[in-house]
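Structure, as structure tokens:
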Amino acid sequence: LSGLRAGLARTREVLNADISELVTGRKEIDQDLLDELEMLLLSADVGIPATTRIIDDLSYRVKLREVSDPAGLLRAVRAQLAEILRRNDAPVRQPGRGKPQVILMVGVNGVGKTTSIGKLTKQLQAEGNTVMLAAGDTFRAAAVEQLQAWGERNQVPVVAQHAGADPASVIYDALQAATARGVDVLIADTAGRLHTKVNLMEELRKIGRVMKKIDPDAPHEVMLVVDATTGQNALHQAVQFNEILPLTGITVTKLDGTAKGGILFAIAERLPVPFRFIGVGERIEDLRHFDAEEFLDALLA
Ligand code: GDP
């Protein structure tokens, strides 16, 4: 927990230290206090909808005298934040017997998608799984090379074709190979050209279609990777990708070194998609399984 706390230090400074400081020494709750609280939530990128709902609810409860002192207000804010995160907790779908679990990774360039694939591969291997990678971001030669480098480092096979190849064809080949070899998990990278939304939609849907020819249940997970340092952009990306292809999981990277970690609440308020992993640093183990209670403890307690 201390590692997680350190990784979340900057957001924790706002959502824990600054909010606690705001209420200490105060005798009563006035509009000023509520306004300042609102500013703090917004500054941590909790977002307008969630923040407005929290403040409205608190104001109402203050009026009813359900919440009557600043310490009570602090407890109530934390309870509200906790409630938002606890809503989304669907498990990852499991593959049929003897079939690979297919994780389709989506997200725009630079968010930490490739790095997350590498870290996840390492962790899955450590848990005793065999892994295969599919270089489905054929748009950038560098993306294919980067994935191949991770494959070499982790000694896992990477199915790739030349740059510009049809991503659906690469991923189809990979799923066929993974099935034939009895691989446990296939992680497929994809291009994240959100600015050409129609093309991306066609590409991702085609990938989904061809996978289903081999395994009607694939992909078992459509995981979006977003970068916490981009704040509200991460939310916009999540909304847009979810329209293109319904997401089943979200990974939030780079929570270390940003005070914008409140973006998880903004995303959870908007989309019923569970968080799977959070990135709090560059090391393999810094990609952590997301656990709402642990996250809340590290952030708020
Ligand atoms: P991609 O374009 O989405 O595949 O992005 P990359 O995987 O190449 O990552 C972009 C940069 O973000 C790299 O320098 C990574 O080391 C860095 N990165 C990824 N995740 C994290 C994280 O959780 N914390 C920090 N500090 N850096 C990260």
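Just a few scattered comments:
- The chain: relative contact order as a whole-number percent, Cα under 8 Å and 6+ apart: 27 percent
- Within the accessible area of the chain (1.4 Å probe), percent carbon and sulfur: 50 percent
- Burial order of peptide ranges 216-228, 238-250, 144-156 (average beta-carbon count within 10 Å, highest first): 216-228, 238-250, 144-156
- Basic side chains Lys and Arg get +1 at the Cβ, acidic Asp and Glu get -1 at the Cβ, and with that the dipole of segment 121-206 about its Cα centre reaches some 140 debye.
- Convex hull per residue volume in Å³, alpha carbons only, for segment 179-301: 129 Å³
- What you get for segment 198-239, charging only the Cβ of Lys and Arg (+1) and of Asp and Glu (-1), is a dipole of about 220 debye around the Cα centre.
- Förster radius 22 Å - calculated FRET efficiency between Q148 and R209, Cβ distance, rounded to 0.05: 0.25
- Electrostatic tally near I29: other residues with Cβ closer than 12 Å to its Cβ, Lys and Arg +1, Asp and Glu -1, net -2.
- Those aspartates and glutamates that a straight Cα-Cα span of less than 13 Å connects to K122, excepting residues fewer than 8 apart in one chain: E152, E285, D286
- The base-10 log of I(q)/I(0) for segment 55-158, evaluated at q = 0.12 Å⁻¹, reads -0.63 [Debye formula, identical scatterers on Cα atoms, solvent excluded].
- Applying D = kT/(6 pi eta Rh) to segment 88-130, where Rh is the Kirkwood radius over alpha-carbon pairs, T corresponds to 25 °C and eta to 0.890 mPa s, the Stokes-Einstein value obtained is 199 µm²/s.
- The chain, helix-only ellipticity at 222 nm - DSSP H runs n ≥ 4, -39,500 (n - 2.57), divided by all residues, nearest 500: -15500 deg cm²/dmol
- Computed about its Cα centre, the charge dipole of segment 1-150 is approximately 920 debye, with only Lys, Arg, Asp and Glu carrying charge at their Cβ.
- R75/L194 FRET efficiency (R0 45 Å; Cβ-Cβ; nearest 0.05): 0.70
- With every protein chain in place and a 1.4 angstrom probe, the accessible-area ranking of R270, R12, largest first, reads R270, R12.
- Alpha carbon centroid spacing (whole Å) that separates segment 230-301 from segment 55-78: 27 Å
- Accessible-area order (highest first, 1.4 angstrom probe) of the listed residues I278, I214: I214, I278
- FRET efficiency estimate (nearest 0.05) - Cβ-Cβ, V92 to A141, R0 30 angstrom: 0.45
- Solvent-accessible surface of the chain, averaged per residue with a 1.4 angstrom probe and all protein chains in place: 44 square angstrom.
- Residues of type lysines that K197 reaches as a straight line, Cα spacing below 16 Å, ignoring anything fewer than 8 places off in the same chain: K206
- Ordered from highest to lowest accessible area with the whole protein assembly present and a 1.4 Å probe, R61, R205, R276 read as R205, R61, R276.
The values are calculated or read from the model by the stated rules, or taken from the named source; none is laboratory data. Here the structure is a predicted model, which is why all the values come from computation and not from measurement. Because the Cβ atoms are built from the backbone with ideal geometry, glycine has one as well, and the counts that use them run over all protein chains shown. When the accessible area is computed, the model is the full protein with side chains, heavy atoms only, and any ligands, DNA or RNA have been set aside. Shrake-Rupley method; radii C 1.70, N 1.55, O 1.52, S 1.80 Å.
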